[in-house]
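*Asks:* For reference, the structure I am asking about is given below.
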Amino acid sequence: MVDYDLIVIGAGSGGYVTAIRAAQLGASVAVIEKGQVGGTCLTRGCIPTKTMVASARLVEKIDRADQFGVEVEGYKVNYERIIQRKEDIVEELVQGVYFLFKKNGIDLIKGKAILLNNNTVKVNIDNGGLKTGEIVQYKAENIVIATGSKPLLLPEFNYDGINVVSSKEALEFPAIPEKLLIIGAGYIGCEFASIYSALGCKVTVVELMKQILPGEDKGTAKRMERVFADKGVRVITDTKVELVEVLDKIKEPSLQKLEKKPLKDANNVFVHLNDGEVINTEKVLAAVGRIPVSQEIGLKGLGIDIDERGFIMVNDQMETNIPGIYAVGDVTGKVMLAHVASAQGIVAAENIMGNNKEMDYSSIPSVIFTNPELARTGISFSQARKMGYKVKKGRFFYRANGKAKAMGEENGIITLVSDQETGRILGGEVFGVDAANLISEITLAVKNGITAESLSFTIHAHPTLAETIKEAAEDIYGVSIHS
Ligand code: FAD
C-alpha cells in the first residue's frame, strides 16, 4: 500500500514544478520541504537578486537622467526599502506556490526527508505545529529528489555570515557596505558586483582564473571587464585568495540594525592574495561555486550513484540508477539554473506518468543580470568549431539600432553562430540591455533548427531591439541593412 503515486523531496524550482506537472497528469503527490517553498530561486537566488538589480539599475538611470532631459537633484538610496521590497515580492511568490499546491491537490509536508528505501521516505516533521519533532514515514510508487545546492564555503575564507558572507547574507547586509570584496567572478559574483557598485559601494572582484566569467568567450569577458572598469569596480584576475582574516569580530547584525547606520570603522576584514597584496575591506562575499545537497538524505544506503563531487547521476529521463527514483535540478549538477531545474522536473513527471520525454540540453539560455546583461544560448563560435562545424558568424551592434539609441542604451552587441552547410542557427550571444528577453528568440531558432535565412526574412517590429537579431542573421550572409 502506498500513500502517494509520487513524493517529491524539495520544493524549489525543480521540485515544485515536478509536483504540479505530475498532479496535472493525474498523480497523487506530496512534496516534502524542510525550509521555505520556492527554494533557492524564489527565496535567496533569482528573484531576490533581480529585485535588487531593478533598484540598482534605477540608480544608474537616475545618475544619467540629465542625458534624457530630466534633472534630478538630491535623491537618496534607501537600502531598507530595497530589502523590504525584495521581501514583499518573495513573500508574494512563495504564497503563489502554496496556492498552486492547493489548486492541484498536492500535500505539502514540512520537515526534513531521508530516503529509507526505493519507495519509503522518513520525515522529521517541522511544521511549527502539533506534529513538530515527530518522525513519520510515507510511501510512494515514485520519488523525485530535488534537494538543490548550497554555497561552497572554503575554510580559508573563514565564513561567519556577518563579515564573510555567502550569496544568501549578501541579499541583506545591515547596511550598504562601504567596501565589498567578492571572491569569484562567475555569474553570482558579477551580479552582486553590479548591484552593490550601483548602490555606492566600493567593489573589488578577485578571480582565480585568467578571466572573469570563466567559461565565457575571452572577448565577452573583456567586454564585461570594461563595463566594470567604467563602474569603478576593481577586477583582479589570475589571483588566488589565500586567506580571509577578520581581525576583530564586530557587532551582531541585529545590533547594527538597531543603530540603523553602518559602523564607521567596520573595515576590519583583510584579504590575503597569493601575490602578496593584502586588501582591507568591510565585507567579503564568497561566490566560488555551489555544492549539491546530497549528504544525509539516505543516498548511500540505497546505492544511488553520485559523481566525485556528490551530484546525483541521472539519464536524460531524469532517472537515477535505482528504479522509481528520479533526481532533478541543481542536485544533478547538469546545468545549475532555475529554468533547467523546472524543465527537468517536467521531464521527470511526464516519464513517471508514462509519457516518454527526454531532456534536451542543446538550446539552454543563460543570463547574467549585470547592467548591461549578458545572455547566451546554444553553442558558441569556438564550441561549434571544436565540434567540427563549418561556422559562420553574424554580428550587429546596438549603436546602429534606432530603439537602442532612443533608449540611450547603445553599448551592446549581438552575435549569431550558424552552420555553413545547413544555414541553421547553432547559438547566439547578446551583450546589451534586455539581453535576457532577446535571447528567447534565438533559443527558439536553435531549438527548432531555424536557418539564418528564415530568421532574416522574418519581419520584426520597428523600432525594437529585436531588430538586432534580424540584422545579425542578415550579417551572416553579408547583407545586414544597417551595418
Ligand atoms: P533549490 O531551489 O535549492 O531547492 C531545493 C529545496 O530542497 C530547498 O527548498 C531545500 O530546503 C529543500 N531540501 C533540501 N534537502 C531537503 C530534505 N532532506 N528534506 C526536505 N527538503 C529538502 N538561476 C536562474 O536560472 N536565474 C537566475 O537569475 C539565478 N540567480 C541566482 C542567484 C543566486 C544568488 C543564486 C544562489 C542562484 C541563482 N540561480 C539562478 C540558480 C537557481 O536558484 C537554482 O538553479 C535553482 O534554485 C535550483 O532549483 P532546485 O529545485 O534544484 O533547488
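*Asks:* Tally time: how many residues in the range 125-151 are farther than 18 Å from Gly12 by Cβ and part of a loop (DSSP other than H, G, I, E, B)?
*Replies:* 8
*Asks:* State whether one or more residues within the range 416-425 are open to solvent by 70 Å² or more (accessible area, probe 1.4 Å), farther than 21 Å from Asp217 by Cα and without any contact (Cβ under 8 Å) to a residue 12 or more places away in the chain.
*Replies:* Checking the range 416-425: not a single residue is open to solvent by 70 Å² or more (accessible area, probe 1.4 Å), farther than 21 Å from Asp217 by Cα and without any contact (Cβ under 8 Å) to a residue 12 or more places away in the chain.
*Asks:* Can you tell me which residues in the range 127-157 are open to solvent by 70 Å² or more (accessible area, probe 1.4 Å), more than 9 Å from the ligand (Cβ to nearest atom) and of a type outside the set (A, V, I, L, M, F, W, C)?
*Replies:* Scanning the range 127-157 gives Asn127, Gly128, Lys131, Glu134, Gln137, Lys139, Glu141, Pro155.
*Asks:* Collect the residues in the range 177-198 that are more than 16 Å from the ligand (Cβ to nearest atom) and open to solvent by less than 40 Å² (accessible area, probe 1.4 Å), keeping them in residue-number order.
*Replies:* Pro177, Leu181, Ser197, Ala198
*Asks:* Next question, about the same structure. Go through the range 283-301 and give me each residue that's open to solvent by less than 30 Å² (accessible area, probe 1.4 Å) and of a type outside the set (D, E, K, R).
*Replies:* Within the range 283-301, Val284, Leu285, Ala286, Ala287, Pro292, Ser294, Ile297, Gly298, Leu299 qualify.
*Asks:* Another question, then. Of the residues that sit in the range 326-375 and are among the aliphatic types (A, V, I, L, M) and more than 14 Å from the ligand (Cβ to nearest atom), which one is most open to solvent (accessible area, probe 1.4 Å)?
*Replies:* Looking at residues that are among the aliphatic types (A, V, I, L, M) and more than 14 Å from the ligand (Cβ to nearest atom), I get Met353.
*Asks:* Determine whether the range 389-397 contains at least one residue that is buried (at least 18 other Cβ atoms within 10 Å of the Cβ), in a helix (DSSP H, G or I), at pLDDT 95 or above and not β-branched (Val, Ile, Thr).
*Replies:* No - not one qualifying residue is present in the range 389-397.
The values are calculated or read from the model by the stated rules, or taken from the named source; none is laboratory data. What you see is a predicted model; the values in this text were computed from it and never measured. Virtual Cβ from ideal backbone geometry, glycine too; neighbours counted across all protein chains shown. In case anyone asks, the SASA skips ligands and DNA or RNA and just uses the protein heavy atoms, side chains included. Shrake-Rupley method; radii C 1.70, N 1.55, O 1.52, S 1.80 Å.
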